[in-house]
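Engineer: The structure's right below; bear with me while I get my questions together.
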Amino acid sequence: MSKKLRLGVNIDHVATIRNARGSVYPDPVRAAKLAEEAGADGITAHLREDRRHIRDADIEALHAALSTPLNFEMASTPEMQQIALRHVPHACCIVPEKREELTTEGGLDVAADQARLKEYLAPLVDAGTRVSMFIGHEPRQIEASARVGAQVVELHTGMYCDLHFAGRFEERDAELEALRAGAAYAHELGLEVHAGHGLTYDTVRPIAQIPQIQELNIGHFLIAEAVFMGLGPAVTHMRHLMDATRG
Ligand code: PXP
């Protein structure tokens, strides 16, 4: 088991609140610095095609201000590739993106788009960014991710969290088992394994126990919890739960 489990804090929804009023606050860069001080090992930001939360200027400012790695979430479009190649962030996580969805609803169908993705990723890998595919736990998606040249897969934990909060515990446990098997298989294929989406204090522990997982990316719940306890304490508590599970 990799002992240290890294925490990437997704600060998109600080920008959602800022944009709701067209103001300049709250500032996602300030949130990112606070998260770093509170124990985040990296910052994640998703520049969506419609710029509904993070904007281009935020990416520039984050890149300049961060002392931890930036994980740039992006759809596999030519525009996003250009932006990623301009900044060369530590990591790029390729996500599916639909304008009409509220958040990233499912994993990427890498298996159905292998030739294009292989060509798309090559310049990013050559530039030195670590490329990650946001996928479900299906073996064919894991195998396809290895084939297209990704170094990392991030397993989508959204379904597991939804089933937990719906009280559908048998199905939740089956989903958890499939995530465990997916993490083991990805590791066997030489991929680094991350996970994220929908994680909370209630759902993080079983995921943190999966030995092959090296990083969790968590956003919405931490920003929501910050309303009640402040962002620093919210991040520190998540860090504590993750460390206690691994320790
Ligand atoms: N990982 C990926 C690839 C995502 O798209 C998101 C959501 O932007 C997250 C992690 C974080 O999910 P949440 O905000 O639900 O914690």
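Engineer: Looking at the square roots a ≥ b ≥ c of the eigenvalues of the Cα gyration tensor of the range 110-223, which shape do they give, rounded for a/c under 1.5, prolate if a/b is larger than b/c, or oblate?
Structural biologist: prolate
Engineer: Next question, about the same structure. Quick check: Cα centre of the range 180-217 to Cα centre of the range 1-75, how many Å?
Structural biologist: If we compute the Cα centre of each part, the gap is 21 Å.
Engineer: Sequence neighbours fewer than 8 away in the same chain don't count; with that in mind, list the lysines whose C-alpha is under 16 Å from Lys3.
Structural biologist: none
Engineer: Can you give the calculated 222 nm mean residue ellipticity of the chain, where each DSSP H run of n ≥ 4 adds -39,500 (n - 2.57) and the sum is split over every residue, rounded to the nearest 500 deg cm²/dmol?
Structural biologist: -15000 deg cm²/dmol
Engineer: Once the mean 1/r over all distinct Cα pairs of the range 31-129 is inverted, what Kirkwood radius in angstroms do you read off?
Structural biologist: Computed over the range 31-129, the radius equals 14.3 Å.
Engineer: Hey, another quick one. Binned at 10 Å from 0, what are the whole-percent values of the Cα-Cα distance distribution for the range 57-178, short to long?
Structural biologist: Result, from short to long distances: 13, 39, 32, 14, 2 percent.
Engineer: Let me ask something else. What is the fewest-to-most order of Tyr25, Tyr120 by other Cβ atoms lying within 10 Å of their Cβ?
Structural biologist: Going from sparsest to densest Cβ surroundings: Tyr25, Tyr120.
Engineer: Just check the range 110-168 against the gyration tensor rule for me: Cα atoms, a ≥ b ≥ c as the square roots of the eigenvalues, rounded for a/c under 1.5, and otherwise prolate or oblate depending on whether a/b exceeds b/c.
Structural biologist: prolate
Engineer: Could you grab the relative contact order for the chain? Cα pairs under 8 Å, six or more apart, rounded to a whole percent.
Structural biologist: Answer for the chain is 21 percent.
Engineer: Report the Stokes-Einstein translational diffusion coefficient (µm² s⁻¹, integer) for the chain, Rh taken as the Kirkwood radius over Cα pairs, at 25 °C with viscosity 0.890 mPa s.
Structural biologist: Answer from the Stokes-Einstein relation: 136 µm²/s.
Engineer: How much length is gained on full extension from Asn19 to Val227, taking 0.36 nm per residue of separation minus their Cα-Cα distance?
Structural biologist: Net length gain for the segment: 73.2 nm.
Bear in mind that the values in this text are calculations on the coordinates, not laboratory data. All values derive from a computational prediction rather than experimental measurement. We place every Cβ from the backbone using ideal geometry, glycine too, and count neighbours over all the protein chains shown.
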